[in-house]
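Notes follow once the structure below has been shown.
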Amino acid sequence: MNSIDEDSFLIPYREFNKVPHSDKNIYGDEPLNKLPLFDTWDKDFNYIKLGLKKEELNSLMFRCDEFTKIHNGTHVLFSGCSYTWGVGLLFNESWSNKLYKEISKNNQLSGFFNLATAGSSIITQVINIIKYSKKYGNPNIIFLNIPNLIRFYGYNSKEKTIIDAVYNNENIKILRLISYQYLFILGEYCRSNGIKLYAFTWMDNEKDYKEQFIETGIINFDFFYETNKKEMADHIINFEKNNPNNEYNIIARDGGHAGVAYHDYWFNFIYKKYLDKNDNFRN
C-alpha cells in the first residue's frame with residue numbers, strides 16, 4: 001500500500017479520517033477507540049458531536065455503557081462504523097440503540113455495548129470484536145453493520161502515523177479479498193464459540209454494493225442478511241408520513257449521513273431476522 005501523499009487513497013471526506021491510531025490502539029490486546037478524550041476534541045470533530053452528549057461515551061470513548069466482565073443476562077455486542085455509532089443522530093435514533101431497547105423489552109440484557117467507530121474498516125471491526133471477547137467475555141449475540149470493502153489502514157508519511165483510509169485503483173481487489181477473509185474468520189470464531197452473528201450493510205444505498213458483496217461471496221455467508229431496496233424505500237416513505245416534523249428523517253444532522261428513517265428501517269429489518277431465529281423472544 002502506498003502512503004497518504006500518493007494516489008492510492010481517495011481524499012478523505014472527513015478530517016476525522018486523519019486522526020491517527022496510537023500504538024496502544026493497534027498493538028494492544030483490548031479494544032480502544034482512536035478518539036481522544038471528549039474535552040480535547042477540536043473543530044475536526046464538530047460533525048461527530050452533532051446529536052452527541054458527553055455522558056453517552058464510556059471511559060474508552062465508545063458510545064455505550066462501560067464495558068464489564070460481569071454479565072447478568074444476555075450479552076449483546078454491536079459493531080460497525082459511523083452508522084452503528086449514530087453520527088449525526090441522537091442516542092435513541094440510531095438503529096443499534098433502537099434494537100437494544102426493543103430486545104430488552106422482553107429479555108434481560110447485560111448492557112448496551114457498542115464497538116462502532118466512525119470511518120473504521122471491517123478489519124478494525126473484526127479485530128476489536130475478538131479483542132473485546134478476550135477481555136470482557138464472548139457475547140451471546142453480535143450485530144454488525146458492514147461498511148464498504150475498500151477501507152483499510154493507511155500510512156501518513158508526513159506525520160509517520162497510521163490512519164483509517166479509503167483506497168482506490170489497483171488496491172480495491174486486494175482490499176475486497178482481505179475484507180472477505182476477515183468476515184470469514186469472524187464467522188468461524190462465532191460458530192466455534194456459540195455466538196449468534198447477524199450482519200448486514202448500509203451499503204444497500206450505494207451503486208457498487210452488489211458488485212462488492214457478490215464478487216467476494218460475502219452475500220452468501222449464512223450470517224449475512226441482504227436488505228430489500230423496495231422495502232426500504234416503502235419504509236422510509238411511510239416513516240416520513242408518520243413523522244412529518246422531523247427534519248432529520250433523510251439526512252442526519254451532520255449533512256452527510258443517512259437519517260432517522262434509514263436507521264428505523266435497518267433496526268426493523270435486522271430485528272425481524274433476529275426474531276426469525278429466536279421464536280421464544282417474540283412479543
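Filter the range 212-227 down to the residues that are without any contact (Cβ under 8 Å) to a residue 24 or more places away in the chain and surrounded by 13 or more Cβ atoms within 10 Å (Cβ to Cβ) and list them by number.
Listed by number, the list holds a single entry, 219.
Out of the residues in the range 203-224 meeting the condition of being of a type in the set (Phe, Trp, Tyr) and touching a Ser or Thr at 6+ places or on another chain (Cβ under 9 Å), tell me which one is farthest from residue 131 (Cα to Cα). Don't jump to the end; show me each part of the working.
As a first pass, look at the range 203-224 and keep what is of a type in the set (Phe, Trp, Tyr): 209, 213, 221, 223-224.
Still in the running and touching a Ser or Thr at 6+ places or on another chain (Cβ under 9 Å): 209, 213, 224.
Numbers: 209: 29, 213: 26, 224: 22 Å.
Restricting to residues being of a type in the set (Phe, Trp, Tyr) and touching a Ser or Thr at 6+ places or on another chain (Cβ under 9 Å), the top hit is 209.
With modelled with pLDDT of 95 or more, over 17 Å from the mean Cα position of the chain (by Cα) and among the charged types (D, E, K, R) as the only criterion, which of 55, 15, 6 stands out?
Details: 15 fails: modelled with pLDDT of 95 or more; 6 fails: modelled with pLDDT of 95 or more.
Just one listed residue meets the conditions, 55.
State yes or no: is residue 188 over 28 Å from residue 268 (Cβ atoms), acidic (Asp, Glu) and surrounded by fewer than 22 Cβ atoms within 10 Å (Cβ to Cβ)? Before the answer, list the steps.
Values: over 28 Å from residue 268 (Cβ atoms): yes; acidic (Asp, Glu): yes; surrounded by fewer than 22 Cβ atoms within 10 Å (Cβ to Cβ): yes.
So residue 188 passes the test.
I'm trying to understand the selection: among the residues of the range 98-112, which are over 14 Å from residue 269 (Cα atoms) and part of a helix (DSSP H, G or I)?
Of the range 98-112, the ones over 14 Å from residue 269 (Cα atoms) are 101, 104-112.
Hits for the range 98-112 are 101, 104.
Out of (1) loosely packed, with under 12 Cβ neighbours inside 10 Å; (2) modelled with pLDDT under 95; (3) outside any helix (DSSP H, G or I), what's the single condition that is false for residue 194?
Unmet for residue 194, out of (1) loosely packed, with under 12 Cβ neighbours inside 10 Å; (2) modelled with pLDDT under 95; (3) outside any helix (DSSP H, G or I): (2).
Is it true that some residue in the range 225-244 is outside any helix (DSSP H, G or I) and farther than 27 Å from residue 179 by Cβ? Before you say what the answer is, go through the steps one by one.
Within the range 225-244, the first condition is being outside any helix (DSSP H, G or I), and the residues that meet it are 225-228, 243-244.
With the extra rule that they be farther than 27 Å from residue 179 by Cβ, the set shrinks to 243-244.
Looking through the range 225-244, at least one residue is outside any helix (DSSP H, G or I) and farther than 27 Å from residue 179 by Cβ.
Any residue at all in the range 69-91 that's among the β-branched types (Val, Ile, Thr), crowded, with 23+ Cβ neighbours inside 10 Å and part of a loop (DSSP other than H, G, I, E, B)? Break it down stepwise before answering.
Filtering the range 69-91 down to residues among the β-branched types (Val, Ile, Thr) leaves 70, 74, 76, 84, 87.
Filter once more, keeping what is crowded, with 23+ Cβ neighbours inside 10 Å: 76, 84, 87.
Remaining after also requiring part of a loop (DSSP other than H, G, I, E, B): 87.
Yes, the conditions are met somewhere in the range 69-91.
From the list 230, 273, which residue is more than 30 Å from residue 174 (Cβ to Cβ) and exposed (fewer than 13 other Cβ atoms within 10 Å of the Cβ)? Spell out how you get there, then give the answer.
Working: 273 fails: exposed (fewer than 13 other Cβ atoms within 10 Å of the Cβ).
Every option except 230 fails the conditions.
Starting from residues that are among the charged types (D, E, K, R) and in contact (Cβ under 8 Å) with a residue 60 or more places away in the chain, keep the ones in the range 23-45 and report whichever is surrounded by the most Cβ atoms within 10 Å (Cβ to Cβ). First the steps, then the outcome.
Taking the range 23-45 and keeping what is among the charged types (D, E, K, R), we get 23-24, 29-30, 34, 39, 42-44.
Checking which are in contact (Cβ under 8 Å) with a residue 60 or more places away in the chain leaves us with 29-30, 34.
Details: 29: 9, 30: 14, 34: 20.
My answer is 34.
Is it the case that the range 215-237 has a residue that's more than 17 Å from the chain's Cα centre (by Cα) and within 19 Å of residue 120 (Cα to Cα)? Walk me through how you get there before you give the answer.
We begin by selecting, within the range 215-237, every residue more than 17 Å from the chain's Cα centre (by Cα); these are 215-217, 219-222, 228-237.
Next, from what is left, pick out any that are within 19 Å of residue 120 (Cα to Cα): none.
Looking through the range 215-237, none of the residues is more than 17 Å from the chain's Cα centre (by Cα) and within 19 Å of residue 120 (Cα to Cα).
Go through the range 46-68 and give me each residue that's assigned to a loop (DSSP other than H, G, I, E, B), touching a residue at least 60 places away in the same chain (Cβ under 8 Å) and crowded, with 16+ Cβ neighbours inside 10 Å.
So in the range 46-68, the residues assigned to a loop (DSSP other than H, G, I, E, B) come out as 50-53, 57-68.
Applying the additional criterion that residues be touching a residue at least 60 places away in the same chain (Cβ under 8 Å) yields 50-51, 67-68.
Correct list: 50, 51, 67.
Since residue 203 meets every condition but one in (1) at pLDDT 90 or above; (2) surrounded by 14 or more Cβ atoms within 10 Å (Cβ to Cβ); (3) more than 17 Å from residue 97 (Cα to Cα); (4) touching a helix residue (DSSP H, G or I) at 6+ places or on another chain (Cβ under 9 Å), which condition does it not meet?
(1) is the only condition that residue 203 fails.
The values are calculated or read from the model by the stated rules, or taken from the named source; none is laboratory data. Please read all numbers here as calculations on a predicted model, not as lab measurements. Neighbour counts are summed over all protein chains in view; Cβ atoms, including those assigned to glycine, are modelled from backbone coordinates with ideal geometry.
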